[in-house]
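The values are calculated or read from the model by the stated rules, or taken from the named source; none is laboratory data. Just so it is clear, the structure is predicted and the values come from calculations on it, not from any experiment. Backbone-built Cβ (ideal geometry, glycine too); neighbour counts: all protein chains shown.
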Amino acid sequence: MKKVFTLTALMLALILTSTVTAQEFSGIDKSPMDMATYPSDYKVSEKAVRIIYGRPQLKGRSMEELAPTGKVWRTGANEAPEITFYKDVLFGGKAIKAGTYSLFTIPGADEWTVILNKKLNQWGSYFYDQASDVARITVPNGSENASLEEFSIAFKDTKDGAHLVMGWDKTRVAVPITL
């Protein structure tokens with residue numbers, strides 16, 4: 001009886017282990033999470049801004065398919081990005097209190113609307129609630145010759161703070177942040 005029980009337990013453990021292992025290796029994230037901080041020097045203990053976001057890839061699709069012009073976009077993949085300001089800032093000229101916000105955008109041909117929203121953990125833009133907007137700013141839509149396959153966010157130093165730069169395909173959008 002002990003041998004049957006031990007053999008059954010061993011077989012069950014083997015089945016569960018192989019199932020978990022198969023799931024771990026077959027489920028590579030196609031839109032991995034990334035993070036950008038300002039300042040970017042990791043030796044600086046007091047950060048001013050941090051953003052966590054998903055990085056979708058074009059994979060032969062157009063940016064318009066994934067981030068349609070004139071519609072609220074979650075600005076990346078999966079959940080809407082979370083941007084944390086560790087101190088009060090001017091975001092595109094608007095006063096923003098220290099805290100964590102969701103980031104949405106409305107892509108346009110000549111300009112983008114960049115939105116900070118107080119509701120967190122919003123999957124996509126399905127549950128976007130305009131009444132929870134903290135700020136809406138409009139910034140010009142620029143372009144570059146080089147195409148970016150993966151959506152990317154970075155901070156670029158300026159005289160009085162940084163620009164939050166978003167890029168995908170040949171589109172580049174920069175939001176000034178004044179500290």
Subject >> Single residue of segment 138-172 satisfying the filter (aliphatic (A, V, I, L, M) and within 17 Å of Ala80 (Cα to Cα)) that is surrounded by the most Cβ atoms within 10 Å (Cβ to Cβ) >> reply: Met166
**OP:** Could you pull out the residue among Gly142, Gly54, Gly108, Gly60 that is of a type outside the set (Ser, Thr, Tyr) and at positive phi?
**Re:** Gly60
**OP:** Please name all residue pairs, on different chains or six or more residues apart, with Cβ atoms under 9 Å, provided the first residue is in segment 150-161 and is under 13 Å from Ser40 (Cβ atoms) and the second residue is charged (D, E, K, R) and in a strand (DSSP E or B).
**Re:** Ile153/Asp34
Original post:
Which of the following residues is more than 18 Å from the chain's Cα centre (by Cα) and of a type in the set (S, T, N, Q): Ser152, Ser143, Ser125?
Top reply: Ser143
**OP:** Take Leu66 and decide whether it is touching a strand residue (DSSP E or B) at 6+ places or on another chain (Cβ under 9 Å), of a type outside the set (Asp, Glu), surrounded by 15 or more Cβ atoms within 10 Å (Cβ to Cβ) and at pLDDT 95 or above.
**Re:** no
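Yes or no, residue by residue, for (1) surrounded by fewer than 18 Cβ atoms within 10 Å (Cβ to Cβ); (2) modelled with pLDDT under 90; (3) not β-branched (Val, Ile, Thr):
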| position | (1), (2), (3) |
| --- | --- |
| Glu24 | yes, yes, yes |
| Pro39 | yes, no, yes |
| Pro56 | no, no, yes |
| Lys59 | yes, no, yes |
| Tyr101 | no, no, yes |
Original post:
Mind checking which pairs have a first residue in segment 22-44 that is assigned to a strand (DSSP E or B) and a second that is surrounded by 14 or more Cβ atoms within 10 Å (Cβ to Cβ) and modelled with pLDDT under 90, Cβ under 6 Å, 6 or more apart or different chains?
Top reply: Thr37/Lys47
Original post:
For segment 45-65, which residues satisfy the criterion of being hydrophobic (A, V, I, L, M, F, W, C), touching a residue at least 60 places away in the same chain (Cβ under 8 Å) and either part of a strand (DSSP E or B) or out of contact with any Lys or Arg (no Cβ under 7 Å at 6 or more places or on another chain) (or both)?
Top reply: Val49, Ile51, Leu58, Met63
